[in-house]
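Working notes for the structure below.
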Amino acid sequence: MYQTLIDAASLQALQGQVCLLDCSHQLTDLSWGRGQYAAGHLPGAQFASLEDDLSAAKTGRNGRHPLPERAHFAETVARWGITPQTQVVAYDSAGGMYAARLWWMLRWLGHQAVAVLDGGVAAWQAAGGALTTELPQVVPAAPYPMQPADEPVRVEAVLTNLQHPTFVVLDARAPGRFAGEGETMDPVGGHIPGARNFFFQNNLQADGRFKPADVLRQQFEQVLAGVAPGELVHQCGSGVTACHNLLAMSHAGLTGSRLYAGSWSEWCSDASRPVATGTEA
């Protein structure tokens, strides 16, 4: 069973025995992912849309990628043919930043056998893997039996935490956005007061694959500075790249941290919530 990452060679050996999900996406071009999938995807892969499959409807107050209800996502998972015994592999062409969201959401349902293809499409092709335009024939599964799982952290808890701290918030966005400089995705720049910053791209090597587990562990332990993983809550712009840090920590053996799914885009939608700027927490 693969539960964090899988390399391209191992995936090739399992071809036809896993549920592959293509999470291709671009935040600046919402039609790009489907076009990329149609132009060529891993054999047998289905398309998983960040906007349609991995997010709920936006209200203007619940962030750019609000989580769907668990029961609704369980229906989507069944449509993909996934059962509790299915090994799922998610991939993209962006270092895993979108595939990690699907990884976290399946774990949220209680599904354990889910991993991200390390290095994504580029690693698959570098290992001699082909792409296809052929659409897979999928047999839907029975309704997915959701398992008990920790609920994502809600905005009210993050607000309460400012006055009565019980956890530390870790922001996965680039340092400039964390500091409130050059914000382009959201109407307000800055960060949640007290949050620490660890840019998710620091999880990756130059070739787009994750750094070795021991290197990741050392990096996160430096950021944690004695804080237990279970006392850490991850956020980003909209609950997507925060999952990349969750995946990296899990791969490094640092488990138990949680996700604030609404993230900065939800937080800054209410002007009454405090905003910090600069590079310090």
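The values are calculated or read from the model by the stated rules, or taken from the named source; none is laboratory data. What you are looking at is a predicted structure, and each value in this text was computed from that prediction instead of being measured. Because the Cβ atoms are built from the backbone with ideal geometry, glycine has one as well, and the counts that use them run over all protein chains shown. What goes into the accessible areas is simple: the full protein's heavy atoms, side chains included, and nothing from ligands, DNA or RNA. Shrake-Rupley method; radii C 1.70, N 1.55, O 1.52, S 1.80 Å.
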Practice item. Report the FRET efficiency, 1/(1 + (r/R0)^6), for Q147 and Q125, where r is their Cβ-Cβ distance and R0 is 51 Å, rounded to 0.05. Key: 0.90
Point to revise | Reference-scaled alpha-carbon Rg (2.2 N^0.38 Å with N residues) for the chain | key: 0.97
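Give, in whole angstrom and from largest to smallest, the semi-axes √(5λ) of the equivalent ellipsoid of region 49-196, with λ running over the eigenvalues of the Cα gyration tensor. Intermediate results must be reported in sequence, preceding the final value.
Values: eigenvalues 193, 93, 42 Å².
Ellipsoid semi-axes (Å, largest first): 31, 22, 14.
Kindly report the accessible area of the chain per residue (heavy atoms of protein chains, probe 1.4 Å, no ligands, DNA or RNA), in Å².
Counting only protein heavy atoms, the per-residue value for the chain is 43 Å².
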**Study point:** Ordering of 174-182, 240-248 by burial proxy (mean other Cβ atoms within 10 Å per residue, highest first)
**Key:** 240-248, 174-182
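Net charge within 15 Å of A71 by Cβ-Cβ distance, Lys/Arg positive one each and Asp/Glu negative one each, not counting A71 itself? Each step should come with its number before you reach the end.
Details: positive: R70, R79; negative: D53, E69, E75, E151.
That works out to -2.
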**Study point:** Cα principal axis extents for region 26-72, largest first, Å
**Key:** 37, 27, 9
Exercise for review: With all protein chains present, calculate the accessible area of T28 using a 1.4 Å probe and round the result to the nearest 10 Å².
Suggested key: 120
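For region 146-193, which whole percent of the accessible surface, found with a 1.4 angstrom probe, sits on carbon and sulfur atoms? Write down the numbers at each step before the final one.
Values: 1380 of 2510 Å².
The C+S portion of the solvent-accessible surface of region 146-193 is 55 percent.
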Study note, to complete from the structure: Taking the chain and counting helices only, DSSP H stretches of n ≥ 4 at -39,500 (n - 2.57) each over all residues, the nearest-500 ellipticity at 222 nm comes to -8000 deg cm²/dmol
Check your understanding: Ranked highest first by the average count of other Cβ atoms within 10 Å around their residues, in what order do 196-207, 133-144, 255-266 fall?
Key -> 255-266, 196-207, 133-144
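Report the local net charge at Q15: Lys and Arg +1, Asp and Glu -1, summed over other residues whose C-beta lies under 15 Å from its C-beta. Could you put the intermediate results ahead of the total?
Values: positive: none; negative: D7, D22, E134.
Net local charge, Q15 excluded: -3.
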Review point. Hey, what did the chain get for relative contact order, percent, Cα under 8 Å, at least 6 apart?
Key: 22
